[in-house]
1. From the residues in region 144-165 that are in contact (Cβ under 8 Å) with a residue 40 or more places away in the chain and not charged (D, E, K, R), which one is surrounded by the fewest Cβ atoms within 10 Å (Cβ to Cβ)?
2. Taking the residues in region 263-282 that are of a type in the set (Gly, Ala, Ser) and farther than 17 Å from residue 215 by Cα as candidates, determine which candidate is nearest to the ligand (Cβ to nearest atom).
3. Determine whether residue 88 is within 26 Å of residue 315 (Cα to Cα), without any contact (Cβ under 8 Å) to a residue 60 or more places away in the chain, of a type in the set (Gly, Ala, Ser) and surrounded by 12 or more Cβ atoms within 10 Å (Cβ to Cβ).
4. Residue check: is residue 328 within 23 Å of the chain's Cα centre (by Cα), at pLDDT 95 or above and in a helix (DSSP H, G or I)?
5. May I ask you to say which residue of 270, 276 is in a loop (DSSP other than H, G, I, E, B), more than 28 Å from residue 77 (Cβ to Cβ) and modelled with pLDDT of 95 or more?
6. Being under 11 Å from the mean Cα position of the chain (by Cα) and away from the ligand (no atom under 12 Å from the Cβ), is that true of even one residue in region 186-197?
7. Given (1) more than 16 Å from the ligand (Cβ to nearest atom); (2) more than 23 Å from residue 366 (Cα to Cα); (3) not aliphatic (A, V, I, L, M), where does residue 153 come up short, assuming only one miss?
8. Any chance you could count how many residues in region 245-262 are near the ligand (Cβ under 9 Å from one of its atoms) and either outside any loop (DSSP other than H, G, I, E, B) or of a type in the set (D, E, K, R) (or both)?
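The values are calculated or read from the model by the stated rules, or taken from the named source; none is laboratory data. As the structure is a computational prediction, the values presented were derived from the model and not from experiment. Counting neighbours? That spans all protein chains shown, and the Cβs are built from the backbone with ideal geometry, glycine included.
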Amino acid sequence: MTLSSTKLSRRGILQAMGVGAASLAVASPAAAQTAPAFTAPARDANFWRAVRREFILDKNVLFMNVGTVGSPPKDVLRELQVRAEEVSRDAISGYGSFDEIRAELAMAYGVDTDEFAISDNTSDGMAKIFAGLNLGPGDEVLTTNHEHSGGNSPLRVAEDRHGVTTVRVTLPVGDDQTAEDYVALFEERITSRTKLIMFSAPTYLTGTMLPIRLLCELAQQHGIPTLVDAAHVPGMMAYNFRDLGADFIAGAGAKWQCGPAGSGVLYVRNRVTAANPNPLPTFWPTISSGYSGQGARTADAPGSYDIGKTLQSCGNGQRVVYDGFLAAHRMWEEIGRERIQDYVVGLSTTLKEQIVERWGRQALYSPVSDERLRCALTSFNPFQDATDVMNQEKSVEFVARLKDQHGIVIRNTTTPAPSGDVYYPMRVSTHLFHNAGDVDRVVEAAWQVSQQVA
Ligand SMILES: Cc1ncc(COP(=O)(O)O)c(C=O)c1O
């Protein structure tokens, strides 16, 4: 099977599901970081049922932890098998080129090919950026207290290796804050020594979509480069990476995008644009076998070189994985990334509203009131006695009971609260293979378990 025949077969399926011809064209990227339109989940129920059938998820389990790993759909599984066989049968002398795949993917994220690489995953992308930045003793990295180890680990290496100091904004937990509140929190911690602002959007602990565009504008005003841990963005949100105004963005291919394990997206700004008019920050493609003395990048476009290709060239690449990733990408393009965003955030909004109805607003740890902060992750305190959220054993028991008694897979998180306490709330992912009935089901099951774990 060739890639084009895969595409044709998908088109057939999607046309049968009623996707119009216009949406089958390679999608143009979405505009900046727009708030989702919140499609009513009940609408298009047949369409989403057909999408659901493209996944081989165990019917006896309701899997709602996409924020950890996604489930590659049938097209991806087929592609992986066919490509693996091809690679073995038609062994080629050489490593081949990934330029075409990069070009197709880059377009969907609204960036140029020379600023895009396929990474192994988010952590790989974050580590590659840290490895290439010129950070030195006394330099400050401004970040948050809700970062994932994918960003924290290379940051700690920078501390120990280069004498970098980390400054952490304490993030709120709950539904009382606006996008501007986050900007203010970062702004008050910027100093003349701040050399990088790094943050996750959304955060994995509370599912808060930090306002990327606003935070990048703030950083630009102070001449500070930005690194966004966007692990959950590919496949969930339809963002145009360039319009976000960041310098570096790392995301996962195997979470919401449902690509194979070992795939991710990495954006390295290689242009001076309206969204980010600052000079290009110094960055070295340290982890590469493609660097041939191009030197430091200059701030004007003609002076910069193909940083994406240089990062992509690192020995023998994972051709089979990349082709599988491309198959997942094409399925998302054919459905429409904005349509997926609206659906999955819409489901999540319904879930958040139901949590507020049952448990009260104080139980919700993911913002919903300011729609700019919403995403498809939902974190909440499910306990009847609210203080039990600080009891790790009860939290672990809650997750286990939900699985054992109700066949629902979610996870808990370890979330530092502004008070200094540590919370262990539940986190639920709503994705394109879920529906409104699944939301009702997880809420009802969590309510029942909350009566038992007391
Ligand atoms: C915010 C965040 N960053 C990074 C990671 C690591 O992801 P990956 O497996 O793509 O490296 C995760 C994983 O859940 C995450 O939630």
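1. Start the filter on region 144-165 by keeping residues that are in contact (Cβ under 8 Å) with a residue 40 or more places away in the chain, which leaves 144-148, 150-151, 155.
Still in the running and not charged (D, E, K, R): 144-146, 148, 150-151, 155.
Values: 144: 25, 145: 14, 146: 22, 148: 16, 150: 21, 151: 27, 155: 21.
That would be 145.
2. Applying the first criterion (of a type in the set (Gly, Ala, Ser)) to region 263-282 yields 263-264, 274-275.
Narrowing further to those that are farther than 17 Å from residue 215 by Cα: 263-264.
Details: 263: 9, 264: 6 Å.
Step by step, filter region 263-282, then rank; the result is 264.
3. Numbers: within 26 Å of residue 315 (Cα to Cα): yes; without any contact (Cβ under 8 Å) to a residue 60 or more places away in the chain: yes; of a type in the set (Gly, Ala, Ser): yes; surrounded by 12 or more Cβ atoms within 10 Å (Cβ to Cβ): no.
Answer is no for this residue.
4. Details: within 23 Å of the chain's Cα centre (by Cα): yes; at pLDDT 95 or above: yes; in a helix (DSSP H, G or I): yes.
Yes, satisfied.
5. Values: 270 fails: modelled with pLDDT of 95 or more.
So the residue among 270, 276 that is in a loop (DSSP other than H, G, I, E, B), more than 28 Å from residue 77 (Cβ to Cβ) and modelled with pLDDT of 95 or more is 276.
6. Here is the first cut: in region 186-197, the ones under 11 Å from the mean Cα position of the chain (by Cα) are none.
No, the conditions are met nowhere in region 186-197.
7. (1)
8. Quick first cut of region 245-262, residues near the ligand (Cβ under 9 Å from one of its atoms) only: 250-255, 261.
Filter once more, so that each one left must be either outside any loop (DSSP other than H, G, I, E, B) or of a type in the set (D, E, K, R) (or both): 250-252, 255.
Looking only at that region, the number is 4.
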